[in-house]
Amino acid sequence: MDDYLKVGVITTTHGIKGEVKVFPTTDDVKRFEDLKEVLLDTGKEYIPLEIERVRYFKNLVILKFKKIDNINDIEKYKGKDLLVTRENAVELKENEYFIYDLIDSKVFTEDGKELGILTEVLTTAANDVFVVKTEDKKEILLPFIEECILDVDISNKTIIVHLMDGLV
């Protein structure tokens, strides 16, 4: 799974000609317009699907895949993930990370004390929030802001934080 990133989940079919509604799991919904292919994760295998058309409906993306022209050909894949290879992933700016790369990182305070493991990243309007599970199964919420998150090392899966007053 390390070589693939989830960009969406098929929620349901759309019409009878093989289109699907996709809930995007990417920050940039318009990125589907630049994709030529996605991989359908069936749970057993990855099936490459070539994108023929992209439309939008409310908070969903409607996708039409080449060679899938019937509702019966795609209906069985409701709830399945759509992935891209890392080569087809969007380019990240400085201090941007794929959530997948952050999960399971060890989190340390600036004085070297192990705080816990990053288990989730919550997206909010103001900033992302890191959910860190401590050894005694408590959760600490840390805002992903410069004053709190001091260093992120993806290759070593470590994060150094400054515990601001009131966070613990």
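The values are calculated or read from the model by the stated rules, or taken from the named source; none is laboratory data. Predicted model only: the values in this text are computed from it and were never measured. Heads up, the Cβs are rebuilt from the backbone with ideal geometry, glycines too, and the neighbour counts pull from every protein chain shown.
Of the residues making up segment 54-85, those that are surrounded by fewer than 13 Cβ atoms within 10 Å (Cβ to Cβ), in contact (Cβ under 8 Å) with a residue 24 or more places away in the chain and in contact with a strand residue (DSSP E or B) (Cβ under 8 Å, 6 or more places away or on another chain) number 3. Under the condition of being outside any strand (DSSP E or B), under 16 Å from the mean Cα position of the chain (by Cα) and surrounded by 11 or more Cβ atoms within 10 Å (Cβ to Cβ), the residues counted in segment 92-133 number 9.
Per-residue answers, yes or no, for (1) out of contact with any Phe, Trp or Tyr (no Cβ under 6 Å at 6 or more places or on another chain); (2) among the polar types (S, T, N, Q); (3) modelled with pLDDT of 90 or more:
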| site | (1), (2), (3) |
| --- | --- |
| Lys67 | yes, no, yes |
| Asn72 | yes, yes, yes |
| Lys93 | yes, no, no |
| Asp111 | yes, no, yes |
| Val132 | yes, no, yes |
| His162 | yes, no, yes |
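Does segment 75-85 contain any residue that is more than 25 Å from Gly18 (Cα to Cα) and hydroxyl-bearing (Ser, Thr, Tyr)? No: zero hits. Of everything listed in (1) loosely packed, with under 13 Cβ neighbours inside 10 Å; (2) in contact with a His (Cβ under 8 Å, 6 or more places away or on another chain), the single unmet condition for Lys21 is (1).
Within segment 134-159, the set of residues being loosely packed, with under 13 Cβ neighbours inside 10 Å and touching a Phe, Trp or Tyr at 6+ places or on another chain (Cβ under 8 Å) comprises Leu141, Ile154. For segment 5-26, residues that are within 23 Å of Leu102 (Cβ to Cβ) and either in contact (Cβ under 8 Å) with a residue 60 or more places away in the chain or in a strand (DSSP E or B) (or both) total 8.
Identify all residues within segment 67-87 that are over 19 Å from the mean Cα position of the chain (by Cα) and among the acidic types (Asp, Glu); write none if there are none. Listed by number, the residues that qualify are Asp69, Asp73, Glu75. Of all positions in segment 36-48, at least one carries a residue that is within 25 Å of Thr123 (Cβ to Cβ), of a type in the set (Asp, Glu) and surrounded by 13 or more Cβ atoms within 10 Å (Cβ to Cβ).
In segment 76-91, which residue that is basic (Lys, Arg) and not in a loop (DSSP other than H, G, I, E, B) is modelled with the lowest pLDDT? Applying the filter and picking the extreme gives Arg86.
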